[in-house]
1. Quick check: Cα centre of the stretch 62-132 to Cα centre of the stretch 22-55, how many Å?
2. How high is the FRET efficiency from Lys75 to Glu134, r the C-beta distance, R0 45 Å, rounded to 0.05?
3. Given the options Gly105, Gly56, Gly37, which has the most mean-square fluctuation in a GNM of the chain, springs set between C-alpha atoms less than 10 angstrom apart?
4. Using all alpha carbons of the chain, what is the percent of pairwise distances in each 10 Å bin, ordered from the shortest bin to the longest?
5. Could you work out the local net charge near Pro152, counting Lys and Arg as +1, Asp and Glu as -1, over the other residues with Cβ closer than 14 Å to its Cβ?
6. For n ≥ 4 DSSP H runs only, could you compute -39500 (n - 2.57) per run for the chain, divide by its residues and tell me the 222 nm figure to the nearest 500?
7. Provide the per-residue ³J(HN,Hα) series for the stretch 112-121, in order, calculated from phi with Karplus coefficients 6.51, -1.76, 1.60 and θ = phi - 60°, each as a whole number of Hz, with x at glycine and proline positions.
8. Using modelled backbone amide H atoms (1.01 Å from N, in-plane), which distant-in-sequence or interchain residues come within less than 5 Å of Trp150's amide H?
Amino acid sequence: MGLVQYRYLSSGPAKTAALAIAIAAKLQARDCILLSGPVGAGKSLFARAVIQELCGNNEEVPSPSFTLVQTYSCKDRAIWHIDLYRIQSKESALELGLDDALDHGISLIEWPEILADNLPERRLAITLTPDSIESETRTIEIFAKGDWPWLPTVLGAVLV
């Protein structure tokens, strides 16, 4: 399957989190979500909503900006939250255990652009773009590469 694109307009953080929660309910091991957008666009908010949906709302989910990788073991799932903002090369990114994350867990990768041609074949690439500096409205584009048969149903439920 090729690349399928969806566009979603989020009116604020609660709507962005609702989209993340709807997607989280379907995630399985080896699923990869790539989160792109400028600083402050909501990448960590999206990842936090996914992790808390899978691990429980009481799960503390700090940004991995400084640790680079945060891992969670929730029920029967391993979740890797990876922030590549400060990484200078794809080789350095791979040294973080990225292969293990992609092979065995659910991967939430912020700033995936550094990976270039090392992206997994099957992935959801989500780009969050603020409408303006002072607005909480975001345009969220979802590019699905590979087989995600549940995605249209999930997005249809959230978009109503």
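The values are calculated or read from the model by the stated rules, or taken from the named source; none is laboratory data. As the structure is a computational prediction, the values presented were derived from the model and not from experiment. No Cβ is skipped: glycine too gets one built from the backbone with ideal geometry, and neighbour counts run over all protein chains shown. Please note that ligands, DNA and RNA were not included when accessible areas were found on the heavy atoms of the full protein model with its side chains. Shrake-Rupley method; radii C 1.70, N 1.55, O 1.52, S 1.80 Å.
1. Result: 10 Å between the Cα centres.
2. The pair Lys75/Glu134 has a calculated efficiency of 0.70.
3. Gly56
4. Reading upward from the zero bin: 11, 43, 38, 8, 0.
5. +1
6. -8000 deg cm²/dmol
7. Karplus-based 3J(HN,Hα) across the stretch 112-121 equals x, 4, 5, 6, 6, 8, 9, 6, x, 4 Hz.
8. Here nothing satisfies the definition.
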